[in-house]
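The values are calculated or read from the model by the stated rules, or taken from the named source; none is laboratory data. If you're wondering where the values come from, they're calculated on a predicted model, not measured in any experiment. Cβ placement follows ideal geometry from the backbone for every residue including glycine, while neighbour counts extend to all protein chains displayed.
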There are 2 protein chains.
Amino acid sequence: MKDHHSSSVLSELGEREAVRRLAARLTSRADVRVGIGDDCAVTEADGAPFDWLLTTDPVIEGVHFLPDAPPEAVGHKAAGRVLSDIAACGGEPLWVLLNVVATDYCPMERLEAVYDGAERLCARFGAAIIGGDLSRGERLELHAFAVGRVSRGHAVLRSGARPGDILYVTGRLGGSIRGRHLTFEPRVREGRWLAEGGWATAMMDVSDGLAADVRRILERSGVGATIRLDRVPVSDDVRSPGKNEASSVRHALCDGEDFELLFTVRSNRSAAFERAWADAFALPCTAIGEITTEVGCLRVTDADGHGGVYGDQGYEHFRD
Amino acid sequence: MKDHHSSSVLSELGEREAVRRLAARLTSRADVRVGIGDDCAVTEADGAPFDWLLTTDPVIEGVHFLPDAPPEAVGHKAAGRVLSDIAACGGEPLWVLLNVVATDYCPMERLEAVYDGAERLCARFGAAIIGGDLSRGERLELHAFAVGRVSRGHAVLRSGARPGDILYVTGRLGGSIRGRHLTFEPRVREGRWLAEGGWATAMMDVSDGLAADVRRILERSGVGATIRLDRVPVSDDVRSPGKNEASSVRHALCDGEDFELLFTVRSNRSAAFERAWADAFALPCTAIGEITTEVGCLRVTDADGHGGVYGDQGYEHFRD
């Protein structure tokens, strides 16, 4: 009998549902700790004191950057996305492979600049680009693949949040489309520090927007969360004299491609964590809410505790 | 001062020269044994008795398959290309990540069939698909990444051929466009056996055509080769009553996408090798020539020893 679900086209299903269905068809191996559904796949290596972190992301002209984007920035973004995934699991990035699709008339200089941008970012974190493939196509596309490692059993997953944990985010959110989506800093050092110190109980990077990404932690961890909207750190990119505060916060919740770290810390360690963070990093790190027992439920409140459930369509007060 | 080489476009340079220039811009890490330029990158991991093999290949609609190709076969090819790279280094494939680019109107059934084709092939060799990404585009594209392993120091590289070595190829070559390029069997078991038994001194898979691929072994090993054209195993796909023998051999030399193994064995072990192979496998394995001291020079001869240098444009006698 034919599965009637299968007759849908991708635009009806959406990316997440399609990935869920594809993942359901796959079988695994005993050495795979985490497959599809986290920032990285996590695998064990026989005889080594590490787990491996494997991840891949595309960066496609017209989808992830405009044709006139500086090519160094395009390369930076391609490497940055996979480095950010490894950071989000608390790992050390090691090796990167980069598949490039380019047009026949693509100037060699443009490709070299793409590689230089990717290489420069990798080198800053000690990672090396060691392979890839070049093929012809209709537009510039990069598919980056990265391998990282983390001490065995120490990968920080989306599934580790528990009721009572404090929810933190690094940096400031919103408005990355104004340029930061091409120049962001993957939080590799911060991610490793959070994993090595055992601070983070769950972690991911903010790629689809804070509200959407918090939901993934809730789903994977089987918990809920309340976010204090007045505490969400808003980027200067979405603050301007003409905009009201609610609009700025909405951007911070929904814009995406911030590539900041979103993570949870046990509440009885949060004071020590905040002191240790302040000693280690100049980057802001902000407590924006806490994990609750209401499975899958995201609530947002203002400073006075007023608010409500933040549904799939967002919170009504924060519409224009 | 600006490098005047950089002003070329990709179609003028060709893929190999472009990759050479890009690779020259990259820096490496101490744990990278082999970077760009072999079938896989080879890396070491502290404390593990293995080296790691990393590879990636694209499979793109209109380049690597036609729009009406069966989707299972497209998935098979995407997985098969990376499994074949790992086989060509003598490794065991472990984990595969698969990036998919698809159109908005791509039926979910088509994507599921692509995944099923990839999954089925991986499963047959004990490998698992454990990650990937789905994004929207103008045509179907797959970018597969694979990780394999090989006992430390035992990866078989393109650089290990020495004068006097006998040159072998598995299976039969030519005419894969008639269907085999979508249904080929990656020679994973054979590749591992060749590496574990210490038989193969240099190895790669035949993807661009025997003549072009032999040259890569010659370049990386700093040697030459003579191929006996009457011994090149020709696929039934290029034999037909209407075709002459020279034309069939030309197809076997030039067609590409055979995904057979091309490798060298020390001449003093070749008799023992041939007996051991015949005991282990039903697949044909044919001695087609030998490695010489003439650096970079590929000669072709007939059964009587007549022939000449096979240049970039092929051997004159074998033109139509």
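Just wondering, is there one or more residues in segment B:217-233 that are of a type in the set (A, V, I, L, M) and under 16 Å from the mean Cα position of the chain (by Cα)? Scanning segment B:217-233, I find at least one residue that is of a type in the set (A, V, I, L, M) and under 16 Å from the mean Cα position of the chain (by Cα), so the answer is yes. With respect to the conditions (1) surrounded by 24 or more Cβ atoms within 10 Å (Cβ to Cβ); (2) more than 10 Å from every other protein chain (Cβ to nearest Cβ); (3) aliphatic (A, V, I, L, M), A:VAL96 lacks only one, and its number is (2). Return yes when B:THR183 is in contact (Cβ under 8 Å) with a residue 12 or more places away in the chain, away from chain A (no Cβ under 14 Å), farther than 30 Å from A:ILE60 by Cβ and among the hydroxyl-bearing types (Ser, Thr, Tyr) and no when it is not. Considered against the rule, which asks whether it is in contact (Cβ under 8 Å) with a residue 12 or more places away in the chain, away from chain A (no Cβ under 14 Å), farther than 30 Å from A:ILE60 by Cβ and among the hydroxyl-bearing types (Ser, Thr, Tyr), B:THR183 comes out as no. Take A:LEU142 and tell me if it is touching a residue at least 40 places away in the same chain (Cβ under 8 Å) and closer than 30 Å to A:ASN268 by Cα. No, not satisfied. Going by what's in this entry, would B:VAL147 be described as modelled with pLDDT of 95 or more, crowded, with 24+ Cβ neighbours inside 10 Å, out of contact with any Ser or Thr (no Cβ under 7 Å at 6 or more places or on another chain) and outside any strand (DSSP E or B)? Criteria not met by B:VAL147.
Can you pull out the residues in segment B:104-130 that are among the aliphatic types (A, V, I, L, M) and assigned to a strand (DSSP E or B)?
B:ALA128, B:ILE129, B:ILE130
Quick grid of which residues meet (1) in contact with a strand residue (DSSP E or B) (Cβ under 9 Å, 6 or more places away or on another chain); (2) buried (at least 21 other Cβ atoms within 10 Å of the Cβ):
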site: A:PRO163; (1), (2): yes, no
site: A:VAL169; (1), (2): yes, yes
site: A:ARG172; (1), (2): yes, yes
site: A:ARG189; (1), (2): no, no
site: A:LEU194; (1), (2): yes, yes
site: A:THR201; (1), (2): yes, yes
site: A:ASP208; (1), (2): no, no
site: A:VAL214; (1), (2): yes, yes
site: A:LEU218; (1), (2): yes, yes
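Taken over segment A:250-292, the criterion of being farther than 30 Å from A:ALA78 by Cβ and touching a residue at least 24 places away in the same chain (Cβ under 8 Å) is satisfied by A:VAL265, A:ARG266, A:SER267, A:ARG269, A:SER270, A:PHE273, A:ALA276, A:ALA287, A:GLY289, A:GLU290, A:ILE291, A:THR292.
Looking only at residues in segment A:151-170 that are out of contact with any Cys (no Cβ under 8 Å at 6 or more places or on another chain) and assigned to a loop (DSSP other than H, G, I, E, B), the one that is farthest from A:VAL206 (Cα to Cα) is A:ARG152. The number of residues in segment B:248-282 that are among the small types (Gly, Ala, Ser) and touching a helix residue (DSSP H, G or I) at 6+ places or on another chain (Cβ under 8 Å) comes to 4. Restricted to segment B:16-103, the set of strands (runs of 3 or more DSSP E) holding at least 1 residues that are free of Cβ contacts under 8 Å to residues at least 40 places away in the same chain comprises B:32-34, B:41-44, B:92-102. What tally of residues in segment A:114-128 results from selecting those that are of a type outside the set (Ser, Thr, Tyr) and touching a Gly at 6+ places or on another chain (Cβ under 7 Å)? Looking only at that region, the number is 5.
Only a single item in (1) within 22 Å of A:THR27 (Cβ to Cβ); (2) in contact with a Gly (Cβ under 7 Å, 6 or more places away or on another chain); (3) buried (at least 23 other Cβ atoms within 10 Å of the Cβ) is not met by B:ALA73, and it is number (3). In segment A:37-49, of all residues being within 7 Å of chain B (Cβ to nearest Cβ) and at pLDDT 90 or above, the one that is surrounded by the fewest Cβ atoms within 10 Å (Cβ to Cβ) corresponds to A:THR43.
Among the residues of segment B:127-138, is there at least one that is modelled with pLDDT of 95 or more and within 20 Å of the chain's Cα centre (by Cα)? Checking segment B:127-138: at least one residue is modelled with pLDDT of 95 or more and within 20 Å of the chain's Cα centre (by Cα).
Scanning segment A:19-31 for residues that are at the interface with another protein chain (Cβ under 7 Å from one of its Cβ atoms) and out of contact with any Leu (no Cβ under 9 Å at 6 or more places or on another chain) turns up A:ARG25, A:LEU26, A:THR27, A:SER28. The strands (runs of 3 or more DSSP E) found wholly in segment A:182-281 and carrying at least 1 residues that are outside the structural domain of A:GLU72 (by TED's automatic domain parsing) and within 17 Å of A:VAL300 (Cβ to Cβ) occupy A:224-228, A:261-265. Evaluate the following for A:SER267: is it surrounded by 17 or more Cβ atoms within 10 Å (Cβ to Cβ) and in contact with a strand residue (DSSP E or B) (Cβ under 7 Å, 6 or more places away or on another chain)? Taking the combined requirement at face value, the residue does not satisfy it. Only one of the listed residues (A:CYS89, A:CYS106) is at the interface with chain B (Cβ under 10 Å from one of its Cβ atoms), among the hydrophobic types (A, V, I, L, M, F, W, C), crowded, with 21+ Cβ neighbours inside 10 Å and over 23 Å from B:SER28 (Cβ atoms). That residue is A:CYS106. One residue alone among A:ASP46, A:ASP85, A:ASP31 is acidic (Asp, Glu) and under 26 Å from A:PHE184 (Cα atoms), and that residue is A:ASP85. Looking at B:VAL59, B:VAL63, B:VAL114, B:VAL100, which is the one that is under 19 Å from B:SER207 (Cα atoms), touching a helix residue (DSSP H, G or I) at 6+ places or on another chain (Cβ under 9 Å) and among the β-branched types (Val, Ile, Thr)? The conditions single out B:VAL59. Total residues in segment A:61-70 satisfying the condition of being surrounded by fewer than 20 Cβ atoms within 10 Å (Cβ to Cβ) and within 10 Å of chain B (Cβ to nearest Cβ): the figure is 2.
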